[in-house]
1. Residues GLY68, GLY74: which one is modelled with pLDDT of 90 or more, closer than 28 Å to GLU123 by Cα and surrounded by 10 or more Cβ atoms within 10 Å (Cβ to Cβ)?
2. How many residues, within the stretch 46-76, are assigned to a strand (DSSP E or B) and either not hydroxyl-bearing (Ser, Thr, Tyr) or not assigned by TED's automatic domain parsing to the domain that holds VAL100 (or both)?
Amino acid sequence: MGRGKWVIVLAVVVVLAAVAAAYAAGQAKTDAPKVVRAQRFEVVDGEGKVLATLGVEAEGSPALRLHGKKGKGGIILAVLPNGNPMQALFDDKDKMRVEVLVFSGDSSPRLALNDENAKTIWEAP
């Protein structure tokens, strides 16, 4: 086979490979579900320890939780059953130390700082 024919064969192989790759990429995009539904998602480390959760709390509130190193403490971002959005920071004993709320009725904010017993020591407004 002459050099010119090898170039043509190589060009055809490259084009076919490109078409196959484009087709595979298109298939991967269309095979992915547009919506994934569940009541809870968990992010775990290599040892299976839960680091974060996205789900519905017992009282029906949607919430995102980022857990502390020992499974206690961390952050929660949620919408309460009454519709108020809230964010809370917890210490390593799972006591709520900081709470931020926005009340839906009048959109007034609330910021509370709590002691190690989760008792409010400062509040605004």
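1. Testing whether each residue is modelled with pLDDT of 90 or more, closer than 28 Å to GLU123 by Cα and surrounded by 10 or more Cβ atoms within 10 Å (Cβ to Cβ) leaves just GLY74.
2. Residues of the stretch 46-76 that are assigned to a strand (DSSP E or B), as a first pass: 50-56, 62-67, 74-76.
Right, trim to either not hydroxyl-bearing (Ser, Thr, Tyr) or not assigned by TED's automatic domain parsing to the domain that holds VAL100 (or both) and you get 50-52, 54-56, 62-67, 74-76.
The total comes to 15.
The values are calculated or read from the model by the stated rules, or taken from the named source; none is laboratory data. On a predicted model such as this, the values are computed, not experimentally measured, just so you know. In this analysis, Cβ positions are derived from the backbone assuming ideal geometry, glycine residues included, and neighbour counts consider all displayed protein chains.
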